[in-house]
Amino acid sequence: MKIRSKGRAFFALVALVLLLVPGCARKSAVPDVVVATDASWHARAAAAEVRRYLYLRTGVVPALREAGSFSGIPGGSVAVFEKGEALVRGLEDSGATSRISTLGPEDYWLKTLAHGSKNILLVAGGGGPGVLYGAYQMAEMLGVRFGLEGDIIPDGTVPMPRLDLDATGHPLFAVRGIQPFHDFPEGPDWWTL
């Protein structure tokens, strides 16, 4: 009888361990999100958005880190910065440095660069709006869509996709916005005094 009860306790303990261990493990490897120590408000907001959308798509919260130069960024990270910030200093790729220097205030560049044995994804903006546009473009590459009523996040989580990118973007025209009134015949935009 004693052997039988010890066997049950052992199997119950093994079953408990098998149930708990998968919950403790990371579900997928997500990159750290890195900003410069001298990051602007826009770059910090863009990094927070990148982090949020990575979490919403993978179910794992990425670490948010600061670095004083490009050499301080761990491999496999997403580096979010504006032109002129500390992360651009120490960038060994002269082609990338010159490309970043040509970005306009609302331009962005998403680029995967080799860094040691791993890659780093750059989300670079020519200015505050540009780095935010880059962050939202990256979110779209993760499957997120944006509508007037809010973000459209696909159901469920996915493993971190491989992002091998080289994409630039800029606004198609200078002044953009949303008309605040409706365009139906009896709407407030047709009323007169």
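The values are calculated or read from the model by the stated rules, or taken from the named source; none is laboratory data. For clarity, every value in this text was computed on a predicted model and none was experimentally measured. Heads up, the Cβs are rebuilt from the backbone with ideal geometry, glycines too, and the neighbour counts pull from every protein chain shown. Remember, those area values only see protein heavy atoms, side chains included, never the ligands or the DNA or RNA. Shrake-Rupley method; radii C 1.70, N 1.55, O 1.52, S 1.80 Å.
Quick notes
- Scanning the range 132-177 for residues that are in a strand (DSSP E or B) and not aliphatic (A, V, I, L, M) gives R145, F146, G147, G150, D151, D166, T168, G169.
- Filtering the range 70-100 to residues that are of a type in the set (G, A, S) and crowded, with 19+ Cβ neighbours inside 10 Å leaves S77, A79.
- In the range 51-68, the residues that are open to solvent by 50 Å² or more (accessible area, probe 1.4 Å) and assigned to a strand (DSSP E or B): L64, R65, E66
- Checking each residue in the range 86-116 for being over 25 Å from L172 (Cβ atoms), small (G, A, S) and over 21 Å from the mean Cα position of the chain (by Cα) picks out G90, S94, G95, G116.
- Candidate set from the range 101-131 (those that are open to solvent by 50 Å² or more (accessible area, probe 1.4 Å) and part of a strand (DSSP E or B)); member that is farthest from P161 (Cα to Cα): A114
- A residue that is in contact with a Phe, Trp or Tyr (Cβ under 7 Å, 6 or more places away or on another chain), modelled with pLDDT under 90 and not basic (K, R) occurs nowhere in the range 165-185.
- Any hit, the range 150-164, residues being exposed (fewer than 12 other Cβ atoms within 10 Å of the Cβ) and closer than 24 Å to A36 by Cα: yes
- Just one of the listed residues (S71, S5, S98, S28) is assigned to a loop (DSSP other than H, G, I, E, B), modelled with pLDDT under 95 and of a type outside the set (D, E), namely S28.
- Pairs, first farther than 14 Å from A139 by Cα in the range 163-174, second among the hydrophobic types (A, V, I, L, M, F, W, C) and not in a loop (DSSP other than H, G, I, E, B), C-beta under 7 Å, six or more apart: T168/W109
- Scanning the range 117-138 for residues that are of a type in the set (G, A, S) and closer than 22 Å to P74 by Cβ gives S117, A124, G125, G134, A135.
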